[in-house]
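Everything below concerns the one structure shown next.
The values are calculated or read from the model by the stated rules, or taken from the named source; none is laboratory data. Computed from a predicted model, the values in this text were never measured in an experiment. Counting neighbours? That spans all protein chains shown, and the Cβs are built from the backbone with ideal geometry, glycine included.
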Amino acid sequence: MNTATRRYEDSRTTLVFRVTGLRCVACDTSIERVVGRIDGVTRVGVHRASERLFVECEKSAGSDRINERIESAVRRAGFEIAMGTDAKVPFDEDAVFLAIQGFFGMQQMLLSITTWVEGNALSIPTRHSLDIAILGSASVAVFVGGYPLFRRAAMAAFQVLRDRNVPLSSAIGMDFSIAAGALISLLQGLRSVLHHSHALYADTATGIVFFALLGRVLEARARRAATAEIRLLLDLVPPLARVLGTDEGEEAPTDGGASASLVPADTVRKGDRVEALPEERVPFDGIVVRGTASVDESWLTGEWKPRTVGVGSDVSAGARVLDGAIVVRVGAIVGERQVDELQRAVDRFLGEKQPLEQLADRVARRFSLGLALLSVATLLAGRFFVSPEVALDRALAVLVVGCPCALGLASPLAATVAAAYAARRGILFRDPRVLEVLGGIRSVLFDKTGTVTEGCPAVAQVDALVGTDEELLSLVADAEIGSQHPFARAVLAHAPRGEDTAQGTRSLVSGSGIVHDRADGRRVHVGALQWLASVSDHVPRGGLDTALGVVVDGSYWGSVLFDDEPRPGAMDAIRALKGKVGLANVVLATGDTSGSARRLAERIGFTGRIEASQTPAQKAALLDSLPRPTLAIGDGSNDAPVLSRATVSIAVGNPSASAIRASGVTLLWGGIERVPEVFDIAARATRLLKGNLLWAFGYNVVAIPAAMLGAVPPVVAAGLMAISSMTVVVRSGWAFRHGTSEDGSAK
């Protein structure tokens, strides 16, 4: 992410709303248009499948109660809206009106059955009275039960009439097609009653509305279930925190006593110390400063086995305490935690559209207008070949059967169910375009530590030139408190710290090491030997990159050596990547020395290109030199520059917040061995998306001509319209429950 982009993002904020009543592209366009006119709004995104509205606006606009103006504008457009990612709307509107429509529709049906059974036995006045009652019941069923349809159709039409810049295609969507079909049927029924004809069209009118509402209810429930699965992994952090004190203040005892203050999590500051008791979840990322406990971090790491944490151990928000009690010094407040970055990744995925979805939306907008014109043409042309009543039937059938609701659902639902399936497997997509781009990747660049290797090195040897091995290791451990680097975790696991007795200040030198200005006055440099050579003249040249050197006040004191094991399945994953892009375009880029990189390559059987001793900037330049589209795979903060430069990037191995922010895909657990699974999900999602679009277009290609020829009555057309939408829903749900991987194995 370059500086200009960062400044742009820092000056803006994204508000998230839940909106109900989104049915087709016309709904999206209507909301985008009314919200986009509000001062301070810079971008509007509507995700139909999850019923979410994402509004990017100037941070300075937040003081102008912009959220209230957004809600007011959306309600005027005919939609229910509530602020927040998990906001609940007052009620399921379509389900309520479906029940109302069904009740009055049943009355109309009972009266119609009477006329069918009695037939010619009824006197003319009685039959005429029954016709009036039937039409009256149908009108109540249509206008009362179909109120949401007519309201939104009227709102859209009003926008077109009020604003000449709004295209007609914005008003002619699913709501307009259904409302127009039902209204025309009732008007024709009224004409029949006035002329004492028995062609009432009552069944047509009520059937159109009933099937439309039924299809909506079923679709909405399926879409909400799919979206809810995406957020299950993120809904784990408690809204309240038990604060005991700060670094400067006194702590309360860790016994849950009355001296602990239970406060909203968003009021807690960095440095505050919070307590987590058994069966509670840790509310913040931070460092344990007191106590010992077993914690379950399976939601984040995929590891079912509990981890024992003690003083000096790092913990993440969402970790569940199984036994014991711990006090955590807050390192990341609300908005800066890893889980917050994951939440933003999900919101971005839902708020943007992939290229095929954008294309489908453009087609659907024009299709709706074209369908209305085709319906009129069918009516006019039919009058030359068939009776006016038959021509009207065919025109209504064309208007209803071709409603592009299936086309509007095809793309967003495919992406949503794919993301939900991936989320259950610990994979979060941040950018929906990834689903399509992955299929065309030409180059792959991946990091070594934490990506190909376990990323959890262990202390193998301590070589102290000054003092004892224990003293040298203690200096390193003091300096590494709070660091997330794998070497730091290994040192702290080997030499646990109690309270931070060394105190002082610590400065991170990205990609090189740490400078620790201790409270006792000594300055300690801990890091790569190449970097330390610029600090002290006594650091050995050409040292192992699997070592941390120690320089105290300019004097070299020794080093700590580490071992790191390759991840199981890493070579299989690399072999799969080579099969996709070719060996020449698979590159191992590492900050380690060439010797260390070659040793790892020999252990895993990698014979491709190796670029060693690479700084983050050099890795980014190397990536730019490779054939595009490119894929970058990494895990740490120092991988963020290269991840942000790649066409597609994957953050692996419990990645840092900056890596998540820079990547298009995040693996909550696992390393490079899981990358083929990402390719598989993307390929299946793309096949599903294309299959849904093919079904939607194919359905219309068959159904519309059939309706024009009179083979599909209007009531049947309404049923087919609902079935076409539900077919997309069922196909999408089935694809990731009963599918096969690319190699044909069962999933």
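From the list 564, 553, 537, 624, the lone residue that is among the acidic types (Asp, Glu) and surrounded by 21 or more Cβ atoms within 10 Å (Cβ to Cβ) is 564. Within region 125-148, the set of residues being free of Cβ contacts under 8 Å to residues at least 12 places away in the same chain and either surrounded by fewer than 17 Cβ atoms within 10 Å (Cβ to Cβ) or of a type in the set (A, V, I, L, M) (or both) comprises 125, 126, 129, 136.
Per the conditions (1) at pLDDT below 85; (2) part of a helix (DSSP H, G or I); (3) surrounded by 22 or more Cβ atoms within 10 Å (Cβ to Cβ); (4) not charged (D, E, K, R), the sole criterion not satisfied by residue 369 is (3). Which of the residues that make up region 125-154 are within 13 Å of residue 111 (Cα to Cα) and basic (Lys, Arg)? Hit for region 125-154 is 127, nothing else.
Counting only residues that are of a type in the set (Asp, Glu) and within 20 Å of residue 341 (Cα to Cα), region 275-295 holds 1 of them. Taking residues in region 709-729 that are over 17 Å from residue 371 (Cβ atoms), and partners anywhere that are of a type in the set (D, E, K, R), the pairs with Cβ atoms closer than 8 Å and at least 6 places apart or on different chains are 710/393; 710/394; 713/393; 715/203; 726/219; 729/219; 729/223. For residue 246, the conditions (1) farther than 30 Å from residue 275 by Cβ; (2) of a type outside the set (Phe, Trp, Tyr); (3) at pLDDT below 80 all hold with the exception of (1). When restricted to residues that are outside any helix (DSSP H, G or I) and buried (at least 24 other Cβ atoms within 10 Å of the Cβ), region 655-664 contains 3.
Look at region 423-447: where a residue is closer than 18 Å to residue 659 by Cα and a partner is basic (Lys, Arg), sitting 6+ places away or on another chain with Cβ atoms under 6 Å, you get 430/348. Among the candidates 579, 591, 595, which residue alone is surrounded by fewer than 19 Cβ atoms within 10 Å (Cβ to Cβ), outside the structural domain of residue 523 (by TED's automatic domain parsing) and within 25 Å of residue 533 (Cα to Cα)? The unique qualifying residue is 595. Of the listed requirements (1) outside any loop (DSSP other than H, G, I, E, B); (2) among the charged types (D, E, K, R); (3) closer than 20 Å to residue 15 by Cβ; (4) out of contact with any Lys or Arg (no Cβ under 8 Å at 6 or more places or on another chain), residue 336 misses just one: (1). Residue 489 meets the conditions (1) without any contact (Cβ under 8 Å) to a residue 12 or more places away in the chain; (2) charged (D, E, K, R); (3) within 30 Å of residue 678 (Cα to Cα) in every case but one. The failed one is (1). Against the numbered list (1) more than 20 Å from residue 685 (Cα to Cα); (2) at pLDDT 80 or above; (3) surrounded by 22 or more Cβ atoms within 10 Å (Cβ to Cβ), residue 385 comes up short only at (3).
Of all residues assigned to region 607-619, at least one qualifies as being at positive phi, surrounded by fewer than 23 Cβ atoms within 10 Å (Cβ to Cβ) and either assigned to a helix (DSSP H, G or I) or not assigned by TED's automatic domain parsing to the domain that holds residue 527 (or both). When region 665-704 is limited to residues that are in a helix (DSSP H, G or I) and hydroxyl-bearing (Ser, Thr, Tyr), the one that is nearest to residue 339 (Cα to Cα) turns out to be 686. Residues in region 408-429 that are in contact with a strand residue (DSSP E or B) (Cβ under 9 Å, 6 or more places away or on another chain) and assigned to a helix (DSSP H, G or I): 412, 415, 416, 418, 419, 421, 422, 423. Against the list (1) crowded, with 21+ Cβ neighbours inside 10 Å; (2) of a type in the set (D, E, K, R); (3) at pLDDT 85 or above, the condition residue 430 fails is (3).
Hey, does region 138-147 have a residue that's among the polar types (S, T, N, Q), at pLDDT 85 or above and closer than 17 Å to residue 180 by Cα? Within region 138-147, one or more residues are among the polar types (S, T, N, Q), at pLDDT 85 or above and closer than 17 Å to residue 180 by Cα. Of all the listed residues (678, 701), the sole one being within 20 Å of the chain's Cα centre (by Cα), modelled with pLDDT of 85 or more and among the aliphatic types (A, V, I, L, M) is 678. In this structure, is residue 42 modelled with pLDDT of 65 or more, in contact with a helix residue (DSSP H, G or I) (Cβ under 7 Å, 6 or more places away or on another chain) and hydroxyl-bearing (Ser, Thr, Tyr)? When the stated conditions are applied, residue 42 does not pass them. With the checklist (1) surrounded by fewer than 19 Cβ atoms within 10 Å (Cβ to Cβ); (2) modelled with pLDDT of 85 or more in hand, flag the one item residue 496 doesn't pass. Evaluating residue 496 over (1) surrounded by fewer than 19 Cβ atoms within 10 Å (Cβ to Cβ); (2) modelled with pLDDT of 85 or more leaves (2) as the failure.
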